[in-house]
Amino acid sequence: MIPPFRLDQCCPSRSLLADLADKWSLMILYVLSHGDCRFNELKRRCEGISQKSLTQSLRRLERNGLVSRQVLDTSPVAVEYRITPMGKDVSTPLKALLSWAYAHSEEVERARAAFDQKTAAK
């Protein structure tokens, strides 16, 4: 049975799901679920993310209440990010999704190759 979610454009959960399912949010939440990080550490651990994309993703996650930002009184000034209690709640299903993706990555690659070969032949 399909859960009683509203899938129309006005449903607030659609916006939240879009924010969670973007290219970097899952990785950022995964990293933060293992401990607080400064901006540059997050950038190193999310290999390939640009400074601009990391900033935008962190702002979206903070806006949604999943990540908090703390300015540290250091010289130079540093910023540390941590996952909020609500972020911890969502990290459990996100870790399950990441585990699934890791476990099925070879199978998905085979399916992609078969699809690409089939569509290239047309």
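The values are calculated or read from the model by the stated rules, or taken from the named source; none is laboratory data. Computed from a predicted structure; not experimentally measured. Here the Cβ positions follow ideal geometry from the backbone for every residue, glycine too, while neighbour counts run over all protein chains shown.
Here are a few things to note about the model shown:
- Close pairs from region 10-31: first closer than 16 Å to GLN56 by Cβ, partner assigned to a helix (DSSP H, G or I) and among the β-branched types (Val, Ile, Thr), Cβ under 8 Å, at least 6 apart: LEU20/VAL90; LEU29/VAL90
- Residue tally, condition of a type outside the set (Ser, Thr, Tyr), without any contact (Cβ under 8 Å) to a residue 12 or more places away in the chain and assigned to a loop (DSSP other than H, G, I, E, B), over region 64-119: 3
- Filtering ILE2, ILE49 for residues that are part of a loop (DSSP other than H, G, I, E, B) and modelled with pLDDT of 95 or more leaves a single hit, ILE49.
- Subset tally (residues that are among the hydroxyl-bearing types (Ser, Thr, Tyr), crowded, with 17+ Cβ neighbours inside 10 Å and more than 13 Å from LEU54 (Cβ to Cβ)) for region 23-39: 1
- Hey, LEU66 among the aliphatic types (A, V, I, L, M) and exposed (fewer than 12 other Cβ atoms within 10 Å of the Cβ) or not: no
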